[in-house]
Amino acid sequence: MIKKFDVVIVGAGGAGLRAAVEIPKEYSCAVISKVFPTRSHTGTAQGGVCAALSNMEDDSWENHAFDTVKGSDYLGDQDSIEVMCKDAIRAIMELEHMGMPFSRNEDGKIAQRQFGGHTKPADMNDPYGKRVSVKRACYSADRTGHVMLQTLYENTIKNQVTFFSEYFVTELLMEDGVCKGVVAFDIATSELHIFQAKAVLIATGGYGRVFRITSNSHAGTGDGMALVYKAGLPLEDMEFFQFHPTGLWKLGILVSEAARGEGGILKNKDGERFMIRYAPTVMDLAPRDMVSRAIITEIREGRGIRGSDGTDYVLLDLTHLGKEVIDDKLPEITGFARTYLGVEPTTDPIPIQPTAHYAMGGIPTNVNCEVLLNEDGDIVRGLYAAGECACVSVHGGNRLGTNSLLDLVVFGRRGGKAIHEFLKTASFGDLNENAGKETNGTIKKLMDSKGSEKISNIRTELQNSMMEDCGVFRTDEGLRKMISKLKELRERFKNIAVQDKSRVFNTDLVEALELENLLLNAEATVYSAYARHESRGAHTREDFPVRDDQNWMKHTFAFWKEDQDPELKFKPVVVTRFQPMERKY
Amino acid sequence: MDIQVKILRYNPEKDNEPYYQDFNVKGVSEDWRLLDVLHEIKWNYDSSLTFRRSCAHGICGSDGMKVNGRNRLACALLLKYINTKKPIVIEPLPSLPIIKDLVVDMSSFFNKYEVVKPYLITNTPPPPDSERIQSNEDAEKLFESAKCILCACCTTSCPSTWTNENYLGPAAMLKAYRFINDTRDEGADERLDILDTPDGIWRCHTIFNCIEACPKEINITWHLSQLKKRISSREM
């Protein structure tokens, strides 16, 4: 069945919904999502969304931009970062005007708190001297993402946006370098639909489920990235995957940096505040890549605590904050500690370990969310991307906390605006009569397969190996092992069995398609990590422990090649006002 | 340990009506979530077992289901809090049409949510370059109701919903509360008009099932009673 819309948005998290709100009513717009919009992963973000509002103390967007560039370990494109940090203030006001409930300060303005890596000069006359933490994160208790997602969804209801919920997109319709729509199947009925469109925006989020311990929801399989990659378009900087330092032990459930923003302290088994040795000025509020490395280093040197599952953890101590602060400002995360670990955070420290959290890399775009065809910056007509699945690149080698929610609303809106502009002159092209045949074939093959491989086994092996060999610390040997493991898993994937043969709500089939996407994203990640012979941001090579600005101030572009290793190309980093410096906190 | 699980199964392509299937699940531990048990079954016993889930820690609201007679989120319920000496009975949320196994058709639930105009209604334009002023005290009055994750555990646990499918139900009315009590909103009257109808708030008979079902521990009945008071005082 062919459906025609001026715009198709794939994904209904923060970026997709914000883009949808931006499309004027005279254009038809469909939002396709594999989960109901309010189930999207944006809702799990906790601590805040940042902008230099100066509601609590003096701050400036330039401070924010500097922190973002430094936090990115100088891999972020500074033109994009300037766009985001300047627009942040307007974006927060817009959310407030849309109805988002925020915690407030004494003047009734939006309250702000400290967060990792967000700083300002201790002395305003010495802009590049010593820096101190600044209150820049706007929040709504520790449910900032939840209320943001609700607010954006509410605004799409107000604007009467058309949704196709629980539809799974399987294919990008690309003809002669132009995107003409997508193919999706309705999970409830297995019916295939062709969505013909003048413009498509991908906003499908991250792929944390490629790792064993992750804060990401089960839906986080990077479907949009894999769609683009398999269509022969590049994925950028996939070697940069952020491990959040404080995942709940065993489960990986996020314990927001807001816990440390409010004064929480990390301790090793000796009760020592170990961050003092790694980041003497900001300590526990150092950026995530540094804190995660510090935790793993403590554990490797024997100062972790051995858990009953055989893994090691350290402690996040909130006990000195008092019950009132904990209950008022951190109710959700302390609830997780009680529910899942039986730990009472007002009297006992919380066991935590790093958890795979955020993809800095993704579908390369320019600042208008137009998808890049290649490392020269040429664009793909009719194709846009925004949010975690995209790489603008504002996060570079390491994202600062609270910059992800900001990214969603700033670039979701910009994508919507760019599409609006494009629609003024765009028209529907002719659709190839074979459109949808490929998906039909893929699904038929999976459904008819009598293979012996179990989907869950391949996925578990992938997640374990990625955790082991492509996690916080990486080596040449580990990555080579991972490459051969991937080859093995890809072969075995050809022999998988979808055991549920039903056409009604077949989640077994969905898991098979998601697994293929995980394998594709893992491939781009591992090969990019193998090639980058330096340590920068979240990409730490033990065999190349230093950042190498001479050779590696560039973004990796990975191109999929059928039955071959991916091809890697490179694009220089955009540097405007901040020259690379040593990254110390 | 090993546990017995009894799950209501239904595949409309081959079953005339739902039936219970027993699983003997081996090697589980008391700190598992019930969702982990469902995954264990799906991944190692019967991959046709169908349920929704996503975040797996009680935020996305996907995996509401009936467990031993009570509506729960499978990901927010640990085995140590269930009597595992007896079979655990798992059924889909009541009163909604079953699509397959534990997956129900939520469209009527979300239609009711849309009826209460779940968005900020304003006539006064906001200040152009700054936020509207709201005291933290006023902001925090909304937080409890804004916690709602739309899992439908409350609405489908309510006997008033069971006897009248048109009843708006607690989740939709809690959403109405969240906006009616927002100092920035100017749509209270039109929403109160919607609640003050035969299928609206007066069908709430303070049975408290919603509170017991809510995985976010929201005191829903209290919020609804405030709305009732507001409507009554309006009529005075």
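Worth a mention:
- Size-normalised alpha-carbon gyration radius of the stretch A:502-584, reference 2.2 N^0.38 Å: 1.52
- Gain upon complete extension [residue A:450, residue A:175; 0.36 nm per residue less C-alpha separation]: 95.6 nm
- For the options B:103, B:25, B:67, a Gaussian network treatment of chain B with springs between C-alpha atoms closer than 10 Å singles out B:25 as fluctuating the most.
- Separation in nanometres of the label points that stand 7 Å from Cα toward Cβ, at residue A:461 and residue A:424: 5.5 nm
- Contour minus Cα-Cα distance for residue A:325 and residue A:348 (0.36 nm per residue): 6.8 nm
- Largest first, the three principal axis extents of the alpha carbons in the stretch A:444-585 are 58, 31, 30 Å in whole numbers.
- The residues of the stretch A:326-369 expose, per residue, 25 Å² of accessible area to a 1.4 Å probe.
- Per the accessible-area calculation with a 1.4 Å probe, the total area buried between chain A and chain B rounds to 5000 Å².
- Pairwise label distance in nanometres, residue A:551 with residue A:501, each label 7 Å out on the Cα-Cβ vector: 5.6 nm
- The equivalent ellipsoid that matches the C-alpha gyration tensor of the stretch B:112-155 spans semi-axes of 26, 16, 8 angstrom, in descending order.
- Label-point separation in nm, residue B:30 to residue A:376, each point 7 Å along Cα→Cβ: 6.7 nm
- FRET efficiency estimate (nearest 0.05) - Cβ-Cβ, residue A:582 to residue B:1, R0 56 angstrom: 0.55
- ³J(HN,Hα) computed for each position of the stretch B:24-30 - Karplus, 6.51 cos²θ - 1.76 cosθ + 1.60, integer Hz, glycine/proline x: 9, 9, 9, x, 8, 10, 5
- R0 of 45 Å, Cβ-Cβ distance residue B:68-residue A:281: FRET efficiency to nearest 0.05: 0.25
- Angle of helix B:220-235 to the longest C-alpha principal axis of chain B, folded into 0 to 90 degrees and rounded to 10: 30°.
- The stretch A:274-338: GluC sites (Glu not before Pro) in DSSP loop, at most 11 other beta carbons within 10 Å: A:301
- As a ratio to 2.2 N^0.38 Å, the alpha-carbon radius of gyration for chain A is 0.91.
- Sulfur and carbon atoms: percent of accessible area, the stretch B:136-213 [1.4 Å]: 49 percent
- Considering only Cα atoms, the convex hull volume of chain B works out to 153 Å³ per residue.
- Taken over the stretch A:537-585, the percentage of Cα pairs per 10 Å bin, counting from 0 up to the bin with the maximum distance, is 19, 42, 29, 9, 1.
- Kirkwood hydrodynamic radius (C-alpha pairs) into Stokes-Einstein, the stretch B:1-114, 25 °C and 0.890 mPa s, D in µm²/s: 169 µm²/s
- Over all projection directions, the Cα-based convex hull of the stretch A:280-434 averages an area of 15.5 nm².
- Average partner coverage of A:329-340, which counts Cβ from other chains inside 10 Å: 3
- If R0 is taken as 25 Å, the Cβ-Cβ distance between residue A:531 and residue A:487 corresponds to a FRET efficiency of 0.90.
- Each 10 Å bin from zero holds the following percent of Cα-Cα pairs in the stretch A:155-231: 16, 41, 35, 8, 0.
- In sequence order, calculated HN-Hα J values of the stretch A:147-152 (Karplus, 6.51, -1.76, 1.60; Hz; x Gly/Pro): 6, 5, 4, 4, 4, 5
- Rounded to 5, percent antiparallel among DSSP beta bridges of chain A: 65 percent
- Positive-pole candidate from A:129, A:40, A:432, dipole of chain A, charges at beta carbon: A:40
- Cα-based convex hull volume of the stretch A:387-477 per residue, rounded to whole Å³: 209 Å³
- Local net charge near residue B:121, Cβ-Cβ under 11 Å (Lys/Arg +1, Asp/Glu -1): -2
- Shape analysis of the stretch B:78-157 based on the Cα gyration tensor places the equivalent ellipsoid semi-axes at 39, 20, 9 Å, largest first.
- Dividing the convex hull volume of the alpha-carbon atoms in the stretch B:27-86 by its residue count gives 91 Å³ per residue.
- For peptide A:39-51, the mean count of partner chain Cβ atoms within 10 Å of a residue's Cβ comes to 3.
- Entry note, the stretch A:339-438: relative contact order of 24 percent, from Cα contacts under 8 Å with a spacing of 6+ residues.
- Taking the longest Cα principal axis of chain B as reference, the axis of helix B:34-44 is set at about 40 degrees.
- Within chain A, helix-based [θ] at 222 nm, where runs of 4 or more DSSP H residues each add -39,500 (n - 2.57), nearest 500: -10500 deg cm²/dmol
- Taking every alpha-carbon pair under 8 Å whose residues sit at least 6 apart, the stretch A:270-342 reaches a relative contact order of 15 percent.
- Per DSSP, loop GluC sites (Glu not before Pro) in the stretch B:186-236 with at most 16 further Cβ within 10 Å: B:186, B:217
- As an equivalent ellipsoid, the stretch B:183-236 spans semi-axes of 22, 14, 10 angstrom, where each value is the square root of five times an eigenvalue of the C-alpha gyration tensor, largest first.
- Comparing Cα centroids, the stretch A:269-339 and the stretch A:1-63 end up 31 angstrom apart.
- Shielding score for A:151-161, defined as the mean number of other chain Cβ atoms within 10 Å: 3
- The stretch B:129-204 and the stretch A:131-178 have Cα centres spaced 23 Å apart.
- Ordering of B:55-63, A:346-354, A:178-186 by burial proxy (mean other Cβ atoms within 10 Å per residue, highest first): B:55-63, A:178-186, A:346-354
- Taking chain A and dividing mean pair separation by its residue count, relative contact order in percent (alpha carbons under 8 Å, at least six apart): 21 percent
- Cα centroid of the stretch A:443-490 to Cα centroid of the stretch A:195-213, whole Å: 20 Å
The values are calculated or read from the model by the stated rules, or taken from the named source; none is laboratory data. None of these values were measured; they are calculated from a predicted model. Every residue, glycine as well, gets a Cβ built from its backbone with ideal geometry; the counts of neighbours run over all protein chains shown. When the accessible area is computed, the model is the full protein with side chains, heavy atoms only, and any ligands, DNA or RNA have been set aside. Shrake-Rupley method; radii C 1.70, N 1.55, O 1.52, S 1.80 Å.
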